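*Asks:* Below you will find the structure I want to go over with you.
The values are calculated or read from the model by the stated rules, or taken from the named source; none is laboratory data. Keep in mind that what you see is a predicted model, and the values were worked out from it rather than measured. Cβ: placed from backbone, ideal geometry, glycine included. Neighbour counts: every protein chain shown. Surface accessibility is based on the protein's heavy atoms, side chains included, excluding ligands, DNA and RNA. Shrake-Rupley method; radii C 1.70, N 1.55, O 1.52, S 1.80 Å.
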Amino acid sequence: MINIQSRDRTSLNGEWKALVDPAGRGEYLRVWLEKKPQKKTDFFEYSFEGAPVLKVPGDFNSQMPELTYYEGTVWYKKQFTSSLQPGKRLFVYFGAVNYLADVYLNGEKIGSHEGGFTPFQFEITGKVRKGENSLIVKADNRRLKNGLPGTGYDWFNYGGITRDVDLVETSNTYIEDYFIQLKKSSLDTVRGWVRLNGPETIQKINIRIPELNLAHSTKTDGKGIARVEFSSDFDLWSPENPKRYEVIVESETDTVTGQIGFRSIEVRGDEILLNGQPVFLKAVNIHEENPYEGKRTYSKEDARQLLTPAKELGCNLVRLVHYPHSEHMVKEAEKMGLMVWNELPIYQHIQFSDSLMPQKMENMLHEMVRRDRNRCGVVIWALSNETYPGTPGRNKALAELTRKCRAADPTRPVTHVTNTQNYENNTFGVKDSLYLHSDIVSINEYIGWYIPWQGRPPDTRWNIAFPDKPVFISEFGGEALYGNNDGPADEAAYWTEGYQEKIYTDQVKMFGTIPNLSGVCPWLLFDYRSLGRMHPVYQQGYNRKGLLSENGDKKKAWYIMKKYFKSK
Ligand code: GCB
C-alpha cells in the first residue's frame, strides 16, 4: 500500500533485540522458534534472551564497532501487543531492509523480500494474536552476484533494518494505491486512478482538494479500480514555488490524505520542459549517508541535513544515487523545491543473463514507482547506471524494463546513464544504443581525473549519435582531501583542493561546448564512505569527490560550482 503516513499505524521503531550470526547457524537452529530451555541440561546457543539491542531504523554497521565491515546475517526481534478488532486488517510494513529479509511472526514465516532500498509489507490478519506477539526478521546484507546491485559498487554496504517499521491497520476493504498527477503535457488536467484492496470492490470514490474547492466523484469497477480525471486551475509546483495541496481520497470504507503537488515534466525535442518551460537541471549527486555520523540516513532530519547544502549550492534537482532513497528524502526534497531523480541500483556489472534477473528488476521498479508516483518532485526515473554494452542480455533487458516503466507511469521521462563514450583527440563520441530507450542522454565523464584532457577544454568537440535528445552530464569531478592545499594546482597534485578546483574550472569551460546541454550534476555533494577507497593518507575509507568534506567543510571546487549554477 502507499502513503502509510496517513493511515492508522503503530510504529515498531525503537530498540530491537539482535543476534549476530556470522556462521549462519541461526537458520539451522531455527532461531524464529524461540525455544526455551525446559530443564537444567537444555541450552540454546542462539537465544534472544539477554541479547544486545540495535536501533531500528538504522544500519547495524554503525551501531556496534565489531559490525563495522560486517556483511552477513543479523536476526532481529521485536515484541508488540495487538488488539485487532474483527473486520479490520493488519499489515507489517518495512520501509527497507538491506538486502534479504525473512520475516517470522510467532514462530511462523510470513514472507521474504529481496532488495535493500524499497518498501514491502506482509498481511498478518488472522496470524496476529490478541496480546503479545513476537516479530523476528532475518536481515542479510551479503552481496550477491545476481543481486541488485551485484557484488561491486562504490558505496558502503550498510545492512539491517535501515528504514521505519510500522504496523498498519486498515478496514476490510482499503484504498491500496492511487495515481493523482497531471497527465503528460497538461497544466490543468489530472488523469489517474484509485485502486481498492478487499472484497467490497464496487464503491463510490471522492477526491477532494479543499483549497481548490474541488470534489471529483468516480466509481470503482468489479476489480476495485476507478478511473480519475478532472481539471482545475492549479498553482503549479516548481522549485521557485513548491506548492502542494491537501488531497483527500475517500471510498465508502476508507480515507487517505496526502500532500500532492501538480506540475508537468516532459522532454520535447532536445529540451526538458517543466510546466511547459525549458529548464536547466542544476543538480548534485547525493548518497544516502549521514556524512557527519557515517551511517545510513533514515530520518526527516537526516534528509534535511543532506538537502540544505544542495539548496545552498543553488541546485534545483538532486540525483539520489544509486538506489531509491527513503521516502523522507523524496518528500523533504519536494517540500524544499528540489526536483528528484530516482534511480534503481542496476549498477555496472549486473548479471542481466541470470534467469532471475528480469523478475528482480521488475519487482524493484514497481516498488520504486508505486511508492513515489504521486510525488510531483520526482521528475525522472533513472533505470540504470554505467552498465556495459558487452554484458550479455543488457540491451534487451533494459529495453524491456524501460517499456514497463513507461507503462507504470506514462508521465515522467525515463533515463539510463552510461560512461561508454569514447574520448579521442578532444572529441567525445557518444553512440551507446541504450540511449535509444532513454529520453535524456545522461553521461558520466571524469575528464581531468580518470582520463586526462586531450586538448583545451573550451575546444572540446562532441559527436553524439542522438542529436534530438537533451544531454545531461550526470557525473564529473575528482577527489580532494579537504585542507590538502599543498603544491600547484595541476596534474602533479592529485588529492589537493587546488587540483579538484581546476577540474571544475575546466569542466565548466567544456560545458559550453556540449550540444543540447540540459543540466549538469557534480559527483558529489559530500565525501562518503566506500569500501573501495582505502588510500591510507587521502581516502581512509572515503570517496573524496565531495564538494564538501564529511564534516561539511566547503572545498574550493564548491565555489566554482556555486558560481556556475548562479550564472545559469
Ligand atoms: C562513477 C560511478 C559512481 C562512482 C564514481 C567514482 O562513475 O557512477 O558510483 O562512485 O564514478 O567516484 O568513481
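*Asks:* Suppose we keep just the DSSP beta bridges with both residues in the range 353-475; what percent of those would be antiparallel, to 5?
*Replies:* On the way: 3 of 20 bridges.
Percent antiparallel among DSSP bridges in the range 353-475 is about 15.
*Asks:* Also: Taking θ = phi - 60°, what integer Hz values does the Karplus form 6.51 cos²θ - 1.76 cosθ + 1.60 yield along the range 345-361, in sequence order, with x for Gly and Pro?
*Replies:* Going residue by residue, I get x, 8, 10, 6, 8, 7, 8, 4, 8, 5, 5, 8, 4, x, 5, 4, 5 Hz, with x marking Gly and Pro.
*Asks:* List the residues whose amide H sits under 5 Å from the amide H of F230, counting only those 5 or more places along or on another chain, with H placed 1.01 Å from N in the peptide plane.
*Replies:* Here V190 satisfy the definition.
*Asks:* Can you pull the semi-axes for the range 204-318, root of five times each eigenvalue of the Cα gyration tensor, sorted largest first, whole Å?
*Replies:* Numbers: eigenvalues 221, 93, 37 Å².
One finds semi-axes of 33, 22, 14 Å for the range 204-318.
*Asks:* So, one more: Could you work out [θ]222 nm for the chain from helices alone, using -39500 (n - 2.57) per DSSP H run of at least four and dividing by all its residues? Round to the nearest 500 deg cm²/dmol. Mind showing how you got there, number by number?
*Replies:* Values: 7 runs with 87 residues, N = 568.
Result for the chain: -5000 deg cm²/dmol, rounded to the nearest 500.
*Asks:* Describe numerically, in nm with one decimal, the distance between label points set 7 Å from Cα along Cα→Cβ at K396 and at K183.
*Replies:* 3.6 nm
*Asks:* Of K145/K311; K184/K545; K502/K554; K469/K568; K204/K335, which ones are farther than 26 Å apart at the Cα? It would help to have the intermediate numbers written out before the result.
*Replies:* Values: K145/K311 37 Å; K184/K545 37 Å; K502/K554 15 Å; K469/K568 20 Å; K204/K335 31 Å.
The answer is K145/K311; K184/K545; K204/K335.
*Asks:* Let me cross-check E132: its accessible surface, 1.4 Å probe, with only protein heavy atoms counted, in Å² to the nearest 10?
*Replies:* Result for E132: roughly 100 Å² accessible.
*Asks:* Dipole of the range 1-119, Cα-centred, from +1 at each Lys and Arg C-beta and -1 at each Asp and Glu C-beta, to the nearest 20 debye? Let's see the in-between values first.
*Replies:* Working: 15 positive and 14 negative charges, 119 e Å.
Around 580 debye, computed over the range 1-119.
*Asks:* Between the range 50-121 and the range 141-214, what is the C-alpha centre distance in whole Å?
*Replies:* 20 Å
*Asks:* Restricting to bridges with both residues inside the chain, how much of the DSSP beta-bridge set is antiparallel, in percent to the nearest 5? Please report the intermediate quantities before stating the final value.
*Replies:* Details: 90 of 127 bridges.
In the chain, DSSP labels about 70 percent of beta bridges as antiparallel.
*Asks:* Among V537, I443, V137, which residue has its Cα positioned farthest towards the positive end of the charge dipole of the chain, with +1 placed on the Cβ of Lys and Arg, -1 on the Cβ of Asp and Glu, and the dipole taken about the Cα centre?
*Replies:* Selected residue: V137.
*Asks:* For the chain, which whole-number percentage of the solvent-accessible area (1.4 Å probe, protein heavy atoms only) is attributable to carbon and sulfur atoms?
*Replies:* Details: 10710 of 22100 Å².
Its accessible area is 48 percent carbon and sulfur atoms.
*Asks:* Between S232 and W193, what FRET efficiency follows from the Cβ-Cβ distance if R0 is 25 Å, with the result rounded to 0.05? Walk me through the intermediate numbers first.
*Replies:* On the way: r = 18 Å, r/R0 = 0.71.
Computed FRET efficiency for S232 and W193 comes out at 0.90.
*Asks:* Also: So for the pair D459, L531, with labels modelled 7 Å out along Cα→Cβ, what separation do we get in nm?
*Replies:* Placing both labels 7 Å along Cα→Cβ, they lie 4.5 nm apart.
*Asks:* Rounded to the nearest angstrom and ordered from largest down, what semi-axes does the equivalent ellipsoid of the chain get from its C-alpha gyration tensor (root of 5λ)? Can you show the working numbers first?
*Replies:* Values: eigenvalues 317, 205, 82 Å².
Semi-axes (√(5λ), whole Å): 40, 32, 20.
*Asks:* Would you tell me the accessible area of V537, worked out with a 1.4 angstrom probe on the heavy atoms of the protein chains, in Å² to the nearest 10?
*Replies:* 80 Å²
*Asks:* If you place +1 on the Cβ of every Lys and Arg and -1 on the Cβ of every Asp and Glu, how big does the dipole about the Cα centre of the range 174-263 come out, in debye to the nearest 20? If you can, show how the numbers build up before the last one.
*Replies:* Numbers: 12 positive and 14 negative charges, 66 e Å.
Approximately 320 debye in magnitude.
*Asks:* Next up: Sort K88, K568 from largest to smallest accessible area, using a 1.4 Å probe on the heavy atoms of the protein chains.
*Replies:* Values: K88 80, K568 105 Å².
In descending accessible area the options line up as K568, K88.
*Asks:* Using each residue's phi in the range 122-136, evaluate 6.51 cos²θ - 1.76 cosθ + 1.60 at θ = phi - 60° and report the 3J(HN,Hα) Karplus result to the nearest Hz, with x for Gly and Pro.
*Replies:* Those phi angles translate into 10, 7, 10, 4, x, 10, 6, 9, 5, x, 6, 9, 10, 10, 10 Hz.
*Asks:* With each label point set 7 Å from Cα along the Cα-Cβ vector, what nm distance links N426 and Q63?
*Replies:* 5.5 nm
*Asks:* Same structure, new question: Quick check: Cα centre of the range 1-42 to Cα centre of the range 220-295, how many Å?
*Replies:* 37 Å
*Asks:* What accessible area, in Å² to the nearest ten, does a 1.4 Å probe give for S6?
*Replies:* For S6, the solvent-accessible surface is approximately 40 Å².
*Asks:* Between I451 and K39, what is the FRET efficiency for a Förster distance of 60 Å, r being their Cβ-Cβ separation, to the nearest 0.05?
*Replies:* Numbers: r = 70 Å, r/R0 = 1.16.
E between I451 and K39, to the nearest 0.05, is 0.30.
*Asks:* Right, here's the next one. With the cut-off at 1.5 for a/c, could you classify the range 4-171 from its C-alpha gyration tensor as rounded, prolate or oblate?
*Replies:* Working: a/c = 1.88, a/b = 1.14, b/c = 1.66.
Oblate, since a/c reaches 1.5 and b/c is not below a/b.
*Asks:* Please name whichever of I503, S518, L481 sits farthest to the positive end of the charge dipole of the range 470-532, dipole taken about the Cα centre and charges placed at Cβ: Lys and Arg +1, Asp and Glu -1.
*Replies:* In the range 470-532, that residue is S518.
*Asks:* Moving on. Charges only on Cβ, +1 for Lys and Arg, -1 for Asp and Glu: so what's the dipole of the range 516-559 about the Cα centre, in debye to the nearest 20? Write down the numbers at each step before the final one.
*Replies:* Working: 7 positive and 3 negative charges, 18 e Å.
The calculated dipole for the range 516-559 is roughly 80 debye.
*Asks:* Please state the relative contact order of the chain as a whole percent: Cα pairs under 8 Å, 6+ residues apart? Kindly include the intermediate steps, with their values, before the conclusion.
*Replies:* Details: 1366 pairs, mean separation 63.4, N = 568.
Contact order relative to length: 11 percent.
*Asks:* Accessible area per residue, 1.4 Å probe, Å², for the chain: what's the number? If you can, show how the numbers build up before the last one.
*Replies:* On the way: 22100 Å² over 568 residues.
I get 39 Å² per residue for this part.
*Asks:* Okay, moving on. Using θ = phi - 60° and the Karplus form 6.51 cos²θ - 1.76 cosθ + 1.60, what ³J(HN,Hα) does each residue of the range 454-467 get, whole Hz, x for Gly and Pro?
*Replies:* Coupling constants for the range 454-467: 10, x, 6, x, x, 9, 4, 10, 10, 10, 9, 6, 10, x Hz.
*Asks:* Is the C-alpha gyration tensor of the range 267-567 telling us rounded, prolate or oblate? Criteria: a/c under 1.5 is rounded; beyond that, a/b larger than b/c is prolate, otherwise oblate. Please list the in-between numbers first.
*Replies:* Details: a/c = 1.45, a/b = 1.21, b/c = 1.20.
Rounded shape, in that the Cα axes give a/c under 1.5.
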